[in-house]
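Below: the structure, in structure tokens.
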Amino acid sequence: MGTSVSKRKKKILRRSLSRETDGFFNKFFDDMKSHDTRNSRNSKYSKHSSSINIKEPNELDSSHYVVQKLWDCDFKAPVKDILNAGNARVLDVATRKGTWVMQCAENFPWSNFTGVDVFPVFPTVTNIKLMNATFLQSNILKKLLFCDNTFDFVHMQCLTLFFTDKELENKVLKELIRVCKPGGWIELVKLDCNHLNQGPTFKKISETVIGYLSAHDMQPIIGENLSRYLTQTGQVIDIKEEIKIMPYHGNKLSKSCREQLIDNIQTYKGIFTTYMGYSYEEWDETLKILKKEVNDYKTEGIMRRIYCKKIIPIQESKSV
């Protein structure tokens, strides 16, 4: 999301966080990565959320509409025939409200779809009208609640910034591969932290984001590393990557993209105001300027869609 930050600047940014705020976010990230978030509305996370202004994840599900409109499809991996044939098993990780699962379950009624998320904000059993859709609470960093080689298709959309670069490389991708069947497909969708045609306000926010993520061992532009990390596992082949530009200016889709951008930025209001030394009133005014600026400068985002096939072991391929 902008220019790189020097080591010296990273240290300055790191020190600029107050102990209270830094301690909160360490606790927040721990809560995100534990199974004990099922009562998050009554937890310390919820207790402090009004002052830090971190939105609960069920408010962050607008990405499905944007992704679907950008590609005009729900997935790019070549699994349509498998799903139409029936009895295929599909997993959606970080399912949020379960929109992707419910839509695919309706389109492919003879296959089975499961959505998992660390937060139980997906539909409850009483609200699910489709027999082939299931939702479970599970944390990918703790190991998903499935045996090896379970699913024909594993999907994960709009990876969050709550994974460190090491977690993404050493845990998340390997876990997605583990639960996928040999010969099955894995698909990832990620919005880069990099943006095109940034105005001065956006550039300042971008440097803040990069500084904060770097201070917490997070890779600001994870999307650029996904294909390389997948290749390094030695367990997948036929890696394909597609890139779409998310316009924050112009038509109806652009309005949705812009609203998603502002919502995502507003989610981290507590971080930005601390880093940038803004009052909440100054921050609200900054967002008003940003909304106009991204339209005037024709700012655009970069979204990546990567899909690949899990290798079939030599022993299995010989016996087929």
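For the reader, a short list of remarks on this structure follows.
- In region 188-204, the residues that are hydrophobic (A, V, I, L, M, F, W, C) and either part of a strand (DSSP E or B) or at pLDDT below 85 (or both): Leu188, Val189, Leu191, Cys193, Leu196
- In the set (1) out of contact with any Leu (no Cβ under 6 Å at 6 or more places or on another chain); (2) closer than 28 Å to Lys269 by Cα; (3) modelled with pLDDT of 90 or more, Lys76 fails one condition alone, (2).
- Cβ-Cβ under 7 Å pairs, at least 6 apart or on other chains, region 169-181 side at positive phi, far side at pLDDT 95 or above and surrounded by fewer than 19 Cβ atoms within 10 Å (Cβ to Cβ): none
- A search for C-beta distances below 9 Å between a residue of region 289-309 that is under 25 Å from Val79 (Cα atoms) and any residue that is in a helix (DSSP H, G or I) and among the charged types (D, E, K, R), counting only pairs 6+ apart in sequence or on different chains, returns Arg304/Glu224.
- Given (1) crowded, with 23+ Cβ neighbours inside 10 Å; (2) modelled with pLDDT under 90, index of the condition Val125 fails: (1)
- Summed over region 140-181, the residues that are within 30 Å of Gly211 (Cα to Cα) and acidic (Asp, Glu) give a count of 4.
- Meeting the requirement of 3 or more residues that are surrounded by fewer than 20 Cβ atoms within 10 Å (Cβ to Cβ) and either in contact with a Gly (Cβ under 6 Å, 6 or more places away or on another chain) or basic (Lys, Arg) (or both), the helices (runs of 4 or more DSSP H) wholly within region 205-320 are 280-296.
Condition check ((1) acidic (Asp, Glu); (2) buried (at least 20 other Cβ atoms within 10 Å of the Cβ); (3) closer than 29 Å to Arg228 by Cα) across all residues:
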{"position": "Arg96", "(1), (2), (3)": "no, yes, yes"}
{"position": "Trp110", "(1), (2), (3)": "no, no, no"}
{"position": "Leu136", "(1), (2), (3)": "no, no, no"}
{"position": "Ile140", "(1), (2), (3)": "no, yes, yes"}
{"position": "Phe146", "(1), (2), (3)": "no, no, yes"}
{"position": "His155", "(1), (2), (3)": "no, yes, yes"}
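- Any hit, region 144-151, residues being farther than 18 Å from Lys240 by Cα, at pLDDT below 95, among the aliphatic types (A, V, I, L, M) and touching a Lys or Arg at 6+ places or on another chain (Cβ under 6 Å): no
The values are calculated or read from the model by the stated rules, or taken from the named source; none is laboratory data. Fair warning: this is a prediction, and the values are worked out from it, not measured in the lab. In this analysis, Cβ positions are derived from the backbone assuming ideal geometry, glycine residues included, and neighbour counts consider all displayed protein chains.
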